[in-house]
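The values are calculated or read from the model by the stated rules, or taken from the named source; none is laboratory data. Quick caveat: nothing in here was measured; it's all calculated off a predicted structure. Neighbour counts run over all protein chains shown; Cβ positions are idealised from the backbone, glycine included. For accessibility, only protein heavy atoms count, side chains too; no ligands or nucleic acids. Shrake-Rupley method; radii C 1.70, N 1.55, O 1.52, S 1.80 Å.
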Amino acid sequence: MRLDKWLWAARFFKTRSLAQQAIAAGRVKLDDARVKSSHEIKPGNLLAIRVGDFEWQITVKGLSDKRGPAEEARKLYEESE
């Protein structure tokens, strides 16, 4: 699954284009490396996502290409402490 699509479905960004811009700007890293929007992700990948003043360190738990309710989106990842 594409990284930008997953970030949108997991509700980190309101639109896919905002997710693509964040990835291009280096605010989203996969295993501490910059990647492209089209990079394929899978469960178990580690992501660092910076949105404004917030930074999340998450592990991908599930995949979805559809944006659903927030409760469903939270099941797609697990935050690190």
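For the reader, a short list of remarks on this structure follows.
- Farthest toward positive dipole pole in the chain [+1 Lys/Arg, -1 Asp/Glu at C-beta], among Leu18, Leu63, Ala73: Leu18
- Projecting label points 7 angstrom from Cα along Cα→Cβ for Lys36 and Lys66 puts them 2.9 nm apart.
- For the stretch 20-72, a simple Cβ point-charge model (Lys and Arg +1, Asp and Glu -1, everything else neutral) yields a dipole of about 180 debye relative to the Cα centre.
- When the solvent-accessible area of the chain is split by element, carbon and sulfur atoms take up 47 percent of it, the probe being 1.4 Å.
- Cα-based radius of gyration of the chain once divided by 2.2 N^0.38 Å, which approximates compact folds: 0.95
- Surface exposure of the chain, expressed per residue as accessible area with a 1.4 Å probe, stands at 64 Å².
- Sorting 31-39, 6-14 by average packing, meaning the other beta carbons within 10 Å per residue, from highest down gives 6-14, 31-39.
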